[in-house]
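**Student:** Mind looking over this structure? Questions follow.
A short reminder: the numbers here are calculations on the coordinates, not readings from a lab. The structure displayed is predicted, hence computed values, not measured ones. Here the Cβ positions follow ideal geometry from the backbone for every residue, glycine too, while neighbour counts run over all protein chains shown.
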Amino acid sequence: MLIKVPSDIRPSEITPESVYLNRRDFITSSLGIALSGVVSGLVPQSALAAAGDGLRATAPSDLIRTAPAVWWGPKFESIRPVDINGDFYTSESLTPYRDVISYNNFYEFGTDKGDPIANSGEFKADPWSVAIEGEVEKPGVYTLEDILKPHDLEERIYRLRCVERWSMVIPWVGFPLGDLIKRFQPTSKAKYVEFSTLQDAQSMPGQRSRFTTIEWPYREGLRMDEAMNPLTLLAVGVYGNYLPPQNGAPIRLVVPWKYGFKSIKSIVKIRFTENEPATSWNMLAPQEYGFYANVNPGAHHPRWRQDMETRLPQTLLSSSRIPTLLFNGYAEQVASMYSGMDLSKLY
Ligand code: MTE
């Protein structure tokens, strides 16, 4: 994602990927994460536990490091399993938990994929509050407990496609953003929703780096109909457990038909606006990152081919390159929102 100036070239771009991935493994193992010693492959869906009519993914207990507030417990004990016949499921193999939590983009903690897990030790997701602002009847600063209280948690298995050409399949835990939005009663002027991430240079070393090119806080936005689309998820967990800091604890967005950079992490502000909000990557390089950022194999990107993707984990023994699908395979659920729009211009 970085805009390259000479001091800015990432190790992943100058090091052969196999070596780079090995270095990442070294970083995770030095943090006490147990590595099997075997090259990790994808997790077949058959490995998931059956629960009710669906399946439930669970994180390996030796890899869990998050200790959230006590009141979260009951919520996580009654997660609704994913409906395997519904829109929120894919039967594709899951990306192993180990990779989901150790190969991350979270520039607040650094620009390397291993930086977020390595550098988020100071980050605290509790206590947490979210400010609701702008064109709504019920603005205010709400504790996370208030935000979550009326919502049942459910599991959803989504593809995540990064504009950098890699992808994962991740079992998230969360609830529809639309259900939260309805509670705050947006006014008729609310046409967009803007999201902001925590700004705290003390616990987020990337924000105090002198090489940073992002204007903090990280910001993202959706059009109101996109925010209300049933696919749009506010995630508070992954693999049946709480989100670790590097994945956006305690609450993040997941918009599976858009490039991963729209799925903003560690949200502290949701603002309803009349005009399209400014968003971080678009401000940095508008020719590369549009406001819409719908996954589109036909839209040219100057640095990464968008017609193919590498499904992670990529190992020394295998590499899975697959075609990228329009709207990341979610066209049936979302294409109608963009009818009549020229998606090569409104990318
Ligand atoms: N949110 C914030 N606040 N900061 C970031 O740097 N990176 C984005 C997105 N959300 C990012 C962010 C990008 S580029 C991607 S691909 C996804 O998070 C990655 O999510 P993951 O690390 O959980 O896979």
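**Student:** Averaged over every viewing direction, what's the projected area of the C-alpha convex hull for the stretch 236-278? Give it in nm², one decimal, please.
**Tutor:** Averaging across all directions leaves 3.9 nm² for the Cα convex hull.
**Student:** On to the next question. Tell me, what does the Kirkwood hydrodynamic radius of the stretch 80-338 come to in angstroms if you use every pair of distinct C-alpha atoms?
**Tutor:** On the way: mean 1/r = 0.0537 Å⁻¹.
Averaging 1/r across every pair of different Cα atoms and inverting gives 18.6 Å.
**Student:** Sort Tyr218, Tyr89, Tyr239 by Cβ crowding within 10 Å, fewest neighbours at the top. Intermediate values should be presented prior to the final figure.
**Tutor:** On the way: Tyr218 25, Tyr89 19, Tyr239 28.
The order, fewest Cβ neighbours first, is Tyr89, Tyr218, Tyr239.
**Student:** Please work out how much length the chain gains when fully extended from Lys149 to Met341, using 0.36 nm per residue of separation minus the C-alpha to C-alpha distance, in nm with one decimal.
**Tutor:** Result: 65.3 nm gained on full extension.
**Student:** Mind scanning Lys138/Lys345; Lys75/Lys191; Lys113/Lys182; Lys113/Lys189; Lys189/Lys258 and naming the pairs with a C-alpha gap bigger than 28 Å?
**Tutor:** Pairs exceeding the cut-off: Lys138/Lys345; Lys75/Lys191; Lys113/Lys182; Lys113/Lys189.
**Student:** Here's a follow-up. Would you work out which of Ser91, Gly41, Ser319 lies farthest towards the positive end of the dipole of the chain, given +1 charges on the beta-carbon of Lys and Arg and -1 on that of Asp and Glu, about the Cα centre?
**Tutor:** The listed residue farthest towards the positive side: Ser319.
**Student:** Could you work out the relative contact order of the chain? I mean the mean sequence separation of Cα pairs under 8 Å and 6+ apart, divided by the number of residues, in percent.
**Tutor:** Averaging sequence separation for qualifying contacts and normalising by length gives 19 percent for the chain.
**Student:** Separate question: Taking θ as phi - 60°, what are the ³J(HN,Hα) couplings along the stretch 200-212 by the Karplus curve (6.51, -1.76, 1.60), each to the nearest whole Hz, with x for Gly and Pro?
**Tutor:** 7, 4, 5, 9, 10, x, x, 6, 9, 5, 6, 8, 5
**Student:** Mean residue ellipticity at 222 nm from the helices of the chain, using -39,500 (n - 2.57) per DSSP H segment of n ≥ 4 over the full residue count, to the nearest 500 deg cm²/dmol?
**Tutor:** -4000 deg cm²/dmol
**Student:** Ok, one more. What full-extension length gain, to one decimal in nm, is calculated for Arg303 and Ile64 as 0.36 nm per residue of separation minus the Cα-Cα distance?
**Tutor:** Between Arg303 and Ile64, full extension yields 82.5 nm more.
**Student:** May I pose another question? Counting other Cβ atoms within 10 Å, which trypsin sites (Lys or Arg not before Pro) in the stretch 283-347 have at most 15 and lie in a DSSP loop?
**Tutor:** Those that pass, being in a loop and sparsely packed, are Arg303, Arg305, Lys345.
**Student:** Turning to a different aspect of this structure: With 10 angstrom as the radius, rank Lys191, Lys182, Lys262 by how many other C-beta atoms surround their C-beta, starting from the fewest. Spell out each step's value before the answer.
**Tutor:** On the way: Lys191 15, Lys182 11, Lys262 26.
Arranged by neighbour count, lowest to highest, Lys191, Lys182, Lys262 become Lys182, Lys191, Lys262.
**Student:** For Asp179 and Glu122, what does the FRET efficiency come to when R0 = 25 Å and r is the distance between their Cβ atoms, rounded to the nearest 0.05? Kindly include the intermediate steps, with their values, before the conclusion.
**Tutor:** Numbers: r = 32 Å, r/R0 = 1.30.
The computed FRET efficiency comes out at 0.15.
**Student:** Continuing with this model, one more query. Once the dipole of the chain is set up with Lys and Arg at +1 and Asp and Glu at -1 on Cβ about the Cα centre, which of Trp257, Gln207, Met341 lies farthest towards its positive end?
**Tutor:** Checking the options against the dipole of the chain, the answer is Gln207.
**Student:** Rounded to the nearest Å, what's the spacing between the alpha carbon centres of the stretch 274-347 and the stretch 134-154? Just the number, please.
**Tutor:** Using only Cα atoms to place each centre, the spacing works out to 30 Å.
**Student:** Still on this structure: Neighbouring Cβ atoms within 10 Å as the yardstick, rank Ser339, Ser102, Ser78 fewest first.
**Tutor:** Ser339, Ser78, Ser102
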